[in-house]
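Reading through the structure tokens given below for one structure.
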Amino acid sequence: MANAGNEIAFKKETVAKLLTRSFKEDRTKVSSDAVILVAEMLKVFVEEATRRAVKQANSEDCDTIDIEHFEKILPQLLLDF
């Protein structure tokens, strides 16, 4: 994941590899538009997870966000997506 400032971005090559790993046939291809779309969906997912984890940490009066905060918000986040 590349990070320019606060901007979240995923490398197209990484997203394409993640997609092709789930294909059952080697001949199956993924278009560049599909890679761009999935990368954008990953970006939205990560941004929303971060927002929710921050909110969870704030509700517990914590100054830092730990993995436990992500674990607490993850079930509902997965249901929403």
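The values are calculated or read from the model by the stated rules, or taken from the named source; none is laboratory data. Quantities reported herein were computed from a predicted structural model and do not represent experimental measurements. A quick note on method: Cβ atoms are made from the backbone with ideal geometry, for glycine too, and the neighbour counts reach across all protein chains shown. Surface accessibility is based on the protein's heavy atoms, side chains included, excluding ligands, DNA and RNA. Shrake-Rupley method; radii C 1.70, N 1.55, O 1.52, S 1.80 Å.
Brief remarks follow.
- Lone qualifier among 49, 57, 9 - being among the hydrophobic types (A, V, I, L, M, F, W, C) and over 15 Å from the mean Cα position of the chain (by Cα): 57
- Counting only helices (runs of 4 or more DSSP H) that sit completely within the chain, those holding 3 or more residues that are in contact with a helix residue (DSSP H, G or I) (Cβ under 9 Å, 6 or more places away or on another chain) and β-branched (Val, Ile, Thr) correspond to 32-59.
- Taken over region 45-81, the criterion of being under 23 Å from residue 7 (Cα atoms) and hydroxyl-bearing (Ser, Thr, Tyr) is satisfied by 50, 64.
- Test: residue in region 41-48 that is modelled with pLDDT of 95 or more and either open to solvent by 100 Å² or more (accessible area, probe 1.4 Å) or aliphatic (A, V, I, L, M) (or both): no
- Flag for residue 24 being open to solvent by less than 60 Å² (accessible area, probe 1.4 Å) and modelled with pLDDT under 95: no
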